[in-house]
Amino acid sequence: MKRLPLIALLLLAACHTDRCDTPFGQGGTIDLASADYSILATVGGTADVNRGYKGIIVRCDAVGSYVAFEMACPLDHVRMVPDDRDYAVKLTCPTCQSSFDIIYGNPLTGSATPCPLYQYNTVLDGRYLSIW
């Protein structure tokens, strides 16, 4: 009977819904004058950058201001997908069905609700946006 509390503790520790450990990778620098990122010249424009752990989604918040979030789900570590109807503001995990806004990185629905997206730092230098 003394092992029962230990087993219960191990089971609780193994439950991934209480873990917020969004993996992240290296950012880099993107050229905003490139055709691939021209949408980022528009406030509200978003672009998928092939960097980070599972990709980085970059959004233009205001002229010259950008936010960048990891596209890996904080719980399942799979690449999230943009909502086709609401690409500019929402990502959804295909595994746990959690959704996140890409304005602040906050969870909206699903089992990942205690976990925000990993937010990268951004700095604009002329036409180049550095993400780290």
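The values are calculated or read from the model by the stated rules, or taken from the named source; none is laboratory data. Just so we're clear, the structure is a prediction, and the values are computed from it rather than from any experiment. Neighbour counts are summed over all protein chains in view; Cβ atoms, including those assigned to glycine, are modelled from backbone coordinates with ideal geometry.
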Per-region count, the stretch 68-95, residues touching a Cys at 6+ places or on another chain (Cβ under 9 Å) and part of a loop (DSSP other than H, G, I, E, B): 9
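Across the stretch 96-132, which residue is farthest from Pro74 (Cα to Cα) among those that are part of a strand (DSSP E or B) and of a type in the set (Phe, Trp, Tyr)? I'd like the intermediate steps shown before the answer.
So in the stretch 96-132, the residues part of a strand (DSSP E or B) come out as 99-101, 107-109, 119-120, 122-125, 128-131.
Those still in the list that are of a type in the set (Phe, Trp, Tyr) too: 100, 120, 128.
Working: Phe100: 10, Tyr120: 14, Tyr128: 28 Å.
So the residue we want is Tyr128.
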Pairs where the first residue, in the stretch 49-64, is without any contact (Cβ under 8 Å) to a residue 40 or more places away in the chain and part of a strand (DSSP E or B) and the second is of a type in the set (Val, Ile, Thr) and crowded, with 17+ Cβ neighbours inside 10 Å, C-beta under 8 Å, 6+ apart: Cys60/Thr46
Evaluation of Leu40 against (1) without any contact (Cβ under 8 Å) to a residue 60 or more places away in the chain; (2) assigned to a helix (DSSP H, G or I) (one fails), failing number: (1)
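Matching residues to (1) closer than 18 Å to Gly25 by Cβ; (2) not acidic (Asp, Glu):
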residue: Tyr53; (1), (2): yes, yes
residue: Met71; (1), (2): yes, yes
residue: Pro82; (1), (2): no, yes
residue: Lys90; (1), (2): no, yes
residue: Thr109; (1), (2): no, yes
residue: Thr122; (1), (2): yes, yes
residue: Asp125; (1), (2): no, no
Residue satisfying condition, being more than 23 Å from Gly110 (Cβ to Cβ) and in contact with a helix residue (DSSP H, G or I) (Cβ under 6 Å, 6 or more places away or on another chain), within set Gly64, Gly45: Gly45
Test result for Pro23, loosely packed, with under 15 Cβ neighbours inside 10 Å, modelled with pLDDT under 80 and within 23 Å of Ser130 (Cα to Cα): yes
Some residue of the stretch 47-57 being crowded, with 19+ Cβ neighbours inside 10 Å and in contact with a Ser or Thr (Cβ under 7 Å, 6 or more places away or on another chain): yes
Unmet requirement for Tyr118, which otherwise passes all of (1) surrounded by fewer than 20 Cβ atoms within 10 Å (Cβ to Cβ); (2) within 19 Å of Asp21 (Cβ to Cβ); (3) of a type in the set (Ser, Thr, Tyr): (1)
Test: residue in the stretch 97-108 that is surrounded by fewer than 17 Cβ atoms within 10 Å (Cβ to Cβ), in contact with a strand residue (DSSP E or B) (Cβ under 7 Å, 6 or more places away or on another chain) and either of a type in the set (Ser, Thr, Tyr) or more than 23 Å from Gly44 (Cβ to Cβ) (or both): no
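Residue-by-condition table, conditions (1) buried (at least 19 other Cβ atoms within 10 Å of the Cβ); (2) of a type in the set (D, E, K, R); (3) at pLDDT 95 or above:
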position	(1), (2), (3)
Ala35	no, no, yes
Ser65	no, no, yes
Val81	no, no, no
Asp84	no, yes, no
Ala88	no, no, no
Leu91	yes, no, no
